[in-house]
Amino acid sequence: MSTLYLRFYSSFAPATFLVTIACAWLYYYWGGTTLPALFFFKLITDYIFWHLLRQLNEKKMYYYYNRNLSKTSLWLFAFGFDLLLFISLLVIIAPRPIPI
């Protein structure tokens, strides 16, 4: 069952991952003061991807309907996983003071 969720996410993963990488680079370069703006930017771009994919892939959703997966569960998993990757990357890349 989880492979179907990952298959759905992989249809737009490169685009969202590119936005995640760009946000992580900006966070590393400009620091923590940009975090609210980057998080808001990430949510806005995810909404744009959701809107475009919802219109362009309406007929492809029948594949998931036949597997008893709702649109809501697919989108919640996809964007939850995407935000988990985003936050994990920001935690990894966060500048830390060097202990002396």
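Every read-out reported here was derived from the displayed coordinates using simple, explicitly stated rules and does not represent laboratory data. None of these values were measured; they are calculated from a predicted model. Every residue, glycine as well, gets a Cβ built from its backbone with ideal geometry; the counts of neighbours run over all protein chains shown.
Please check which bits of segment 1-27 a label hung off LEU56 would reach, taking the label as a point 7 Å along Cα-to-C-beta and the cut-off as backbone N under 16 Å.
8-19
Using helices alone, I'd like the mean residue ellipticity at 222 nm for the chain: each DSSP H run of four-plus residues gives -39500 (n - 2.57), total over residue count, nearest 500.
-25500 deg cm²/dmol
So for the chain, considering every pair of alpha-carbon atoms, how many percent are separated by more than 23 Å?
34 percent
Under a Cβ-only charge scheme (Lys and Arg +1, Asp and Glu -1), can you give me the dipole magnitude of the chain about the Cα centre, in debye to the nearest 20?
260 debye
In sequence order, what are the phi-derived ³J(HN,Hα) couplings for segment 59-75 according to the Karplus relation 6.51 cos²θ - 1.76 cosθ + 1.60 with θ = phi - 60°, rounded to whole Hz, with x for glycine and proline?
6, 6, 5, 5, 4, 6, 4, 5, 9, 6, 10, 7, 4, 4, 5, 5, 5
Please work out how much length the chain gains when fully extended from THR3 to LEU83, using 0.36 nm per residue of separation minus the C-alpha to C-alpha distance, in nm with one decimal.
Answer, rounded to one decimal: 26.9 nm.
For the residue pair LYS71 and VAL91, what label-to-label distance in nm results when each label sits 7 Å from Cα along the Cα-to-beta-carbon direction?
Placing both labels 7 Å along Cα→Cβ, they lie 3.3 nm apart.
Toward the positive end of the charge dipole of the chain, about the Cα centre and with charges on Cβ (Lys, Arg +1; Asp, Glu -1), which of LEU84, MET61, PHE41 goes farthest?
Working it through, the farthest residue towards the positive pole turns out to be MET61.
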